[in-house]
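Data block below; observations after.
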Amino acid sequence: MKTYLVGADEVGRGSLFGPVIAAAVILGSYKNSGLKDSKKLSEKKRISLFNDIKKNAKRVSIGEATVEEIDSLNIKEASLLAMKRAILGLKVKNIEVIVDGIDIPKIKFPCKAIIKADNKISEVMAASIVAKIFRDNLMIDFSKKYPNFSLEKNKGYPTKEHLNILKSLGPTEYHRKSFKPVLNAR
């Protein structure tokens, strides 16, 4: 039985708002020389690659950890939980996993953490792109419910504008209460 390589990455660890999102990707026979770490791509290129990956990769899965889980566990553990959910969501048993970073999720598959894997391994680059676009789209949706927070621009990250709005309006139910800037704004 063939063993598939899975790349997993998360996005939103440093955000003050909303869930942390992870993606797990099996590229299979899909190849694209344009894959890079999502942070090194323009938004337009990320969206194009996201659509291409979703259409042509063998498997793609998203996992998330909620604000409540982030606040009760801590951001590191919540990120690993989101990754675990994304990996299990692939529903494939014959896999080996590479995650970006230094920690690995608690899974029953061979798994290796590689620092800067999102710069080195195509599957992790693809996961980085998928997670980023998925979370960005989620923040755009949230911006309709919370228009005063400019989430479509800051994506929940602690920009100067977001911090000023947070101080002025106070946190929403989707702000991470365990994060210092949110605690200070209450």
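The values are calculated or read from the model by the stated rules, or taken from the named source; none is laboratory data. Because the structure is predicted, anything quoted here is derived from the model rather than measured. Accessible surface is based on the protein model in full, side chains and every heavy atom, while ligands, DNA and RNA are left aside. Shrake-Rupley method; radii C 1.70, N 1.55, O 1.52, S 1.80 Å.
The string of couplings for the stretch 106-115 from the Karplus curve (6.51, -1.76, 1.60, θ = phi - 60°) is 7, 10, 9, 10, x, 9, 10, 9, 10, 5 Hz, one whole number per residue in order, with x for Gly and Pro. How are the alpha carbon pair distances in the stretch 49-186 distributed across 5 Å bins from zero to the largest one, expressed in percent? For the stretch 49-186, the pair-distance distribution reads 2, 9, 16, 20, 18, 15, 11, 7, 3, 0, 0. The 3J(HN,Hα) values that the Karplus relation (6.51, -1.76, 1.60; θ = phi - 60°) gives for the stretch 66-82 are, in residue order, 6, 4, 4, 5, 4, 5, 8, 8, 2, 5, 4, 5, 5, 5, 5, 5, 4 Hz. Gly and Pro appear as x. Choose one answer from Ser48, Ser38, Ser122: the residue with the largest mean-square fluctuation in a GNM of the chain with alpha-carbon springs under 10 Å. So, out of Ser48, Ser38, Ser122, the one fluctuating most is Ser48. With a Cα cut-off of under 16 Å and a minimum spacing of 8 residues unless on different chains, the lysine pairs in the stretch 1-56 number 9. In this structure the amide hydrogen of Ala113, modeled in the peptide plane, comes within under 5 Å of the amide hydrogens of Val99, none closer than 5 places in sequence on its chain.
Close amide H pairs (under 5 Å, H built 1.01 Å from N) link Arg176 with Phe17, Gly18, residues at least 5 positions away or on another chain. Compactness of the stretch 123-181, taken as the C-alpha radius of gyration over 2.2 N^0.38 Å, stands at 1.23. Just the protein heavy atoms count here, and of the accessible area of the stretch 38-186 at 1.4 Å, carbon and sulfur take up 53 percent.
Pairs of lysine residues in the stretch 130-186 that meet both criteria, 8 or more places apart or on different chains and Cα atoms under 18 Å apart, total 13.
Over the chain, accessible surface divided per residue gives 51 Å², non-protein components excluded, 1.4 Å probe. Of the residues Lys145, Lys54, Lys112, the one that moves most in a GNM of the chain with alpha-carbon contacts below 10 Å is Lys145.
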